[in-house]
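Structure first, then comments.
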Amino acid sequence: MYNIIGKKIKRIDGYEKVTGKAIYGDDIYLKGMLYAACRYTDIPAGKISKIDISEAKNIKGVEAIALYKDIPGEKRLGPIRKDQYAIIKDEVFYSGDVIAVVAAQTKDITYAACEAIKVEYKSYTSVNNPEDSIKPETRLIHPEFKSNVVVHYPLVKGNIKQGFEESDHIIERVYKTGFVEHAYIEPESVTVIPDPTTKGYKVYGSIQNPYTTRKTVALFMGLNLNRINVFGSTLGGSFGGKDDVINMMACRAALLAKITDKPVKLTNTREDSIKESYKRHPYIMKYKAGFNKNGKLKAMKIDILADSGAYSSQSFFVTWRSVVQATGPYEIENIQTDIKAVYTNNCYTAAFRGFGSPQIIFAQESLMDEIAEICGISPLEIRQINGYGQGSITASGQKLSGHKVSLLQVIKEAVKKSNYKNQIKKFQELNKINKRYKLGIGLSCSFRGCSLGAEGTDATSAIVSVQADGSVYVLAGLNENGQGLRTSFCQIASEVLGVDIDKVVFLEPQTATITDGGPTVASRSTLMGGKATLQAAEEVKKVIFKVIKKDLKVENIEDTIWAKGFIKKNKPAENIKPIKFEDAAEKAYGAGLNLSAYGWYSSPEVSWEESTGQGNAYFTYVYGCQVAEIEVDTFTGKINILNITAAHDVGKVINRLGAEGQIFGGVAQGIGYGVLEDFNIQNGEVKSNNFDEYLIPTIKDINHIEPVLIENPDKFGPFGAKSLGEPTLELTSAAINNALAFATKKRSYQIPLTLEQVFLGKNLKKPSRQSEDIHLSKNKKLSPKISNIKITTPASLDESIDILNKKKCKILAGGTDLIIRLRMKSEQQELLNIYNLPQLKGITENNSGISIGSLVTFSEIIKNKIIVTNFPVLVKACSLIGSPQIRNRATIGGNIVNAAPCADAVPPLILYNAKLILKSQKGTREIKIQDFIIKSYQTKIKPDEILVSIKVPKPEKKYYYSYFQLGRRNALNITRMSISAIVSLDKNNLVEECRLVDGSLFSHSQRLTVIEDLITGKELNNIIISEIEKPLFELINREIGNRWSSEYKMPVFINLVKSVLKDIKDKIGKS
Amino acid sequence: MPEIQFTLNGERRTVNIEANDILLDVLRDKLGIKSPKCGCDRGDCGACAVLLNGKSVRSCLIFAIEVNEQEITTLEGISKNELSPLQQAFINNNSFQCGYCAPGIIITATELLNKNPHPTREEVKENLSGNLCRCTGYIPIIEAVLEASKRGKNE
């Protein structure tokens, strides 16, 4: 039994993180420090003909501008192949390349200087499709490497030809996955300080792998490693992502620090982060499988093309993991796998939690379900027939031994916990009844090599140091990335020494104080770093034992128990008292003994033969199985994830709280990968450049996640622990895809399973809204920071009108839309801040209706009793706007005047015949809301007018209502489409009046009069509802038929209109 | 340079600002209040949430000048003396990993518990639906808010 291992242990970095006191990269502030920003390229591929910094360097406050020529050391960098630039010379490889870096006294000045650097180019045709990249006629992205192929790994086992000949069935499928952004919530930040003591630099920041950063900066600056000391700040998420990108940023900041001899901080905006940082590799995977009619796999041929983007970075290692694991955890005699990574002018791709496994598992596990279907067996049986057991031989010819091969055990546990077999029956029954919403259940499983394997050197370091009072320091060569490494390592030291974890302090890491422990990647920190910590703690324990063995009257350390701060004999004996740990420590200290020890753990032997892809790839493996239960809205293609059961063999749980946390977090990322995260890059230009376009799961997109931790202690790891971080993510998308096929009886070969992918069977990419704004603006703006603003805050409505009469101003009425739009504008803007004018607030009621002040917030609207009673559709629509914080600030007036086609308050106001009251010095006028909005972002407001209130007549009769809003997620949406509907009946129960209003479909919301007229005077029944299809199609086709999105929007909107009418019909039936 | 005055965590503060200064930047860079974080700078992530007159708002979408004579509370103001039950529940439930989103989430959940001391699971989810977290999968966050709601006052 352990004292602390395996228990639920609260994180040791809890206090600073829940109080906001933890210091992240951008929280660092030093007196006299300069701010830096990067001048990115304007094009994704081409040759620079001229860089003009003359205007920029004359801007007051600019202290340095650094170019390629200023680099003192190595100009080309990269973890494996040197093909990357922190600052490019004259060749542009992708849209995240940096041409110059600026240091200035304020952030605003750095951005202004970047804008002022003028660059001229000759554009190349950008190579963006990896299938084009390998064609012989394609331009070489890096001609000096003679090929666009970065790496090619073959793997050959058995005789593939014979294997297919012996098969009863052969199927071939092509699977595709896209780029994925890490989307850590903290954008990268690095601060470099000149250090006169070492004549080098101190580097602080959001750094995942401090030793890699040190090496890169040292090379770039032409300095020895001991001149660069890297300190990790608290890291705001990484997931493999804060490696190469932060290293490049550190190089740039170091160069500016050298030129100015001042501390320099470089923090990315989110847009810069998404543009520059690397992504998960998109894969095109061709699978050919041969199998017997009973489901036994005979042969598998796999061809994979990975998009490495502009640089090779980690492609060598990412694709290597894929080649080892591409056939999944199945024993197949005959295999041929070829994987290639190729250069393009896209974002470069590198490490991301999973590291080459989520792609192949999506393909492999989708394929297994299809094979099962062909053979008429269940997904469970196909895996039982082919799955690895003890002693199985992998694709690379490795015999699985020396650890428990627990694949079938994890599947069994996942199936049991999820009640898989009963759920299948239940879902099948329910799907017979339900027409619109279909339920699905699917599973996926995997094996995964632990740590780096034959990728490279795999060793790491830790120091455990006991102080004279019995308190303990732990120091590690690996980094806390948020995963909980500090807590686990302190737990291990605490367990070995038998001291309370509160007595153990994890020291702030710095590269100068401990040997390079390699990167914190590959789910290796607990396994490798934990083992090094264990070894160090055991060394110290031996030293302390020397000074107490006499007192305890024991010979061997095994005869003692170290627990709860005391050291005692195994077998209690009279007259021998347990010794307090601190007394023992003091005694050892007094005896002149060294109570500090170095742990160094080097992995057991692995091997790899490049030409055949054979060898013992990893020294141990983990196994996992996930079951996904989903609901699919077949009217819209929207997937709702109901439950994910995640069973993982972790060897041994160190911190149960942390292990479960890894599962919750990894599965949530897997859900994002499988369903939501559709990175949009077109012709090398990143379109989804912030969290409005790149959608990660919100709290409402996660329902239930059930962690199942299985323990088969491993002989290598500390206390038997292995890996968990990455397996949690890699399985989810495949399980969801299999559940989707169960639900819809249609199979998807591509993720993410967006609305369009599910509904149409293909993805549609949309142009970004922000980029539309850029094109509208005369001056393209490089950084989305607000500049050039004047704000006047009038004391009264009269004063506001007076000001508007004299000059042109934009009204600031909450700012939640306006500020976003202003970020992309460079021309001067004058704002009139009316937010606190009392005359424009409040909701009043009179005989005819209500009056809503234009500054009433959505939070006020949705809880107002009069509105809730009389205008339920308005309440429903407003309650779905943005987020609670937006609704606390945003105003109904702002929403109307901004006139976005997706403005959620507008359709219900049209529905309820709202009128707007506009005031100017000339007087007051009333206008119907549907006459006010002309088109997208355009209204009939005059420059001297203010919207003061919205008048909504109270419904004079009983209306039945229905509302549906479609968003890609379950919260934080930009409405994809909405439909607002009310219907009243005459005394014969025929439709007396019907009002229908679209949202986000046409360029501005409008009444669907064609449909309203069709229904009016008739009984609302299924026949009439189906009759609306044709005229509605014609209406939409006429208005938006040639838009990129109409292929999806037309049929779905028709479905939605029909569904709200059915809903009203049902409500009538019930009343 | 205009001057604004406002109450920050119970103290009267005066600061000189530029017209285009965003509240988040003024808090972080001019007043040294570092708990609100910048994640997206356009209202999509919630890491910068602060309480404005007791209501949670996104401080990246408010000009500093707009808070003249208003009241702002950040995490620094909530945990002046000891951890609130909510903060303690966050530690108990492993409700953060990297911790970058935690200040915004704790601020938003504090507002929720102030106006609704015993929220349902669905109400917790609705109220935190504007705060993105990439590490935790949200489940431990929901558990923490529900645990704190059983323990009493949170400010």
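The values are calculated or read from the model by the stated rules, or taken from the named source; none is laboratory data. None of these values were measured; they are calculated from a predicted model. FYI the Cβ positions are ideal-geometry reconstructions off the backbone, even for glycines, and counts take in every protein chain you see.
Of note:
- Screening the stretch A:797-869 for helices (runs of 4 or more DSSP H) wholly inside it with 2 or more residues that are under 15 Å from residue A:892 (Cα atoms) returns the ranges A:858-863.
- The condition of being more than 30 Å from residue A:815 (Cα to Cα) and touching a His at 6+ places or on another chain (Cβ under 8 Å) holds for only one of B:149, B:84, that being B:149.
- From the list A:931, A:944, the lone residue that is over 34 Å from the mean Cα position of the chain (by Cα), farther than 25 Å from residue A:872 by Cβ and assigned by TED's automatic domain parsing to the domain that holds residue A:891 is A:944.
- Residue under evaluation residue A:855, criteria (1) modelled with pLDDT of 95 or more; (2) over 14 Å from residue A:897 (Cα atoms), criterion not met: (2)
Quick grid of which residues meet (1) surrounded by fewer than 24 Cβ atoms within 10 Å (Cβ to Cβ); (2) of a type in the set (S, T, N, Q); (3) over 24 Å from residue A:887 (Cβ atoms):
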{"position": "B:52", "(1), (2), (3)": "yes, no, no"}
{"position": "B:68", "(1), (2), (3)": "yes, yes, no"}
{"position": "B:99", "(1), (2), (3)": "no, no, yes"}
{"position": "B:105", "(1), (2), (3)": "no, no, no"}
{"position": "B:118", "(1), (2), (3)": "yes, no, no"}
{"position": "B:123", "(1), (2), (3)": "yes, no, no"}
{"position": "B:133", "(1), (2), (3)": "no, no, no"}
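- Residue within the stretch A:74-85 that is out of contact with any Asp or Glu (no Cβ under 6 Å at 6 or more places or on another chain), of a type outside the set (Ser, Thr, Tyr), in a strand (DSSP E or B) and over 30 Å from residue B:36 (Cβ atoms) present: yes
- If you go through the stretch A:649-675 and pick out every residue that is more than 9 Å from every other protein chain (Cβ to nearest Cβ), under 22 Å from the mean Cα position of the chain (by Cα) and not hydrophobic (A, V, I, L, M, F, W, C), you end up with 3.
- Hits in the stretch A:290-317 (condition: aliphatic (A, V, I, L, M) and touching a Leu at 6+ places or on another chain (Cβ under 6 Å)): none
- Selection count where residues are surrounded by fewer than 21 Cβ atoms within 10 Å (Cβ to Cβ) and under 24 Å from residue A:593 (Cα atoms), scope the stretch A:427-469: 4
- Residue check for residue A:233: of a type in the set (Gly, Ala, Ser) and under 21 Å from residue A:352 (Cβ atoms): no
- Residue ID - surrounded by the fewest Cβ atoms within 10 Å (Cβ to Cβ), chosen from residues in the stretch A:30-59 that are in contact (Cβ under 8 Å) with a residue 24 or more places away in the chain, outside any strand (DSSP E or B) and within 14 Å of another protein chain (Cβ to nearest Cβ): A:30
- Matching residues in the stretch B:118-139 - criterion: being facing chain A (nearest Cβ under 8 Å), assigned to a helix (DSSP H, G or I) and more than 18 Å from the chain's Cα centre (by Cα): B:139
- Total residues in the stretch B:33-66, condition of a type in the set (Asp, Glu) and either in contact with a Cys (Cβ under 8 Å, 6 or more places away or on another chain) or more than 7 Å from chain A (Cβ to nearest Cβ) (or both): 1
- Of the listed requirements (1) farther than 19 Å from residue A:1067 by Cα; (2) not in a strand (DSSP E or B), residue A:955 misses just one: (1).
- One residue alone among A:862, A:834 is in the same structural domain as residue A:879 (by TED's automatic domain parsing) and within 19 Å of residue B:65 (Cα to Cα), and that residue is A:834.
- Residue check, residue B:94 out of contact with any Phe, Trp or Tyr (no Cβ under 8 Å at 6 or more places or on another chain), touching a residue at least 24 places away in the same chain (Cβ under 8 Å), over 16 Å from residue A:814 (Cα atoms) and more than 9 Å from chain A (Cβ to nearest Cβ): no
- Looking at A:1030, A:987, just one residue is surrounded by fewer than 20 Cβ atoms within 10 Å (Cβ to Cβ), part of a loop (DSSP other than H, G, I, E, B) and modelled with pLDDT of 95 or more, and that residue is A:987.
- Enumerated strands (runs of 3 or more DSSP E) restricted to the stretch A:538-624, each holding at least 3 residues that are out of contact with any Asp or Glu (no Cβ under 8 Å at 6 or more places or on another chain) and not hydroxyl-bearing (Ser, Thr, Tyr): A:560-563, A:566-569
- Any hit, the stretch A:252-266, residues being more than 26 Å from the chain's Cα centre (by Cα), modelled with pLDDT of 95 or more and hydroxyl-bearing (Ser, Thr, Tyr): yes
- Meets criteria (of a type outside the set (Ser, Thr, Tyr), in contact with a Ser or Thr (Cβ under 6 Å, 6 or more places away or on another chain) and not in a loop (DSSP other than H, G, I, E, B)) for residue A:930: no
- So residue A:649, is it among the acidic types (Asp, Glu), closer than 27 Å to residue A:1 by Cα and at pLDDT 95 or above: yes
- Test: residue in the stretch A:117-124 that is within 24 Å of residue A:29 (Cα to Cα) and assigned by TED's automatic domain parsing to the domain that holds residue A:257: no
- The strands (runs of 3 or more DSSP E) located wholly in the stretch A:197-303 that include 1 or more residues which are within 14 Å of chain B (Cβ to nearest Cβ) and of a type outside the set (A, V, I, L, M, F, W, C) occupy A:200-205, A:228-232, A:264-267.
- For the stretch B:95-108, the set of residues classified as over 8 Å from the mean Cα position of the chain (by Cα) and not hydroxyl-bearing (Ser, Thr, Tyr) consists of B:96, B:97, B:98, B:99, B:101, B:102, listed by residue number.
- Residue check, residue A:529 out of contact with any helix residue (DSSP H, G or I) (no Cβ under 6 Å at 6 or more places or on another chain), within 14 Å of chain B (Cβ to nearest Cβ) and either surrounded by fewer than 24 Cβ atoms within 10 Å (Cβ to Cβ) or closer than 26 Å to residue B:136 by Cα (or both): no
- Those helices (runs of 4 or more DSSP H) of the stretch A:691-764 in which 2 or more residues are away from every other protein chain (no Cβ under 14 Å), at positive phi and modelled with pLDDT of 95 or more are absent.
- Residue, surrounded by the most Cβ atoms within 10 Å (Cβ to Cβ), within the stretch A:7-25, restricted to residues that are part of a helix (DSSP H, G or I) and more than 7 Å from chain B (Cβ to nearest Cβ): A:25
- Among the candidates A:435, A:425, residue that is part of a loop (DSSP other than H, G, I, E, B) and basic (Lys, Arg): A:435
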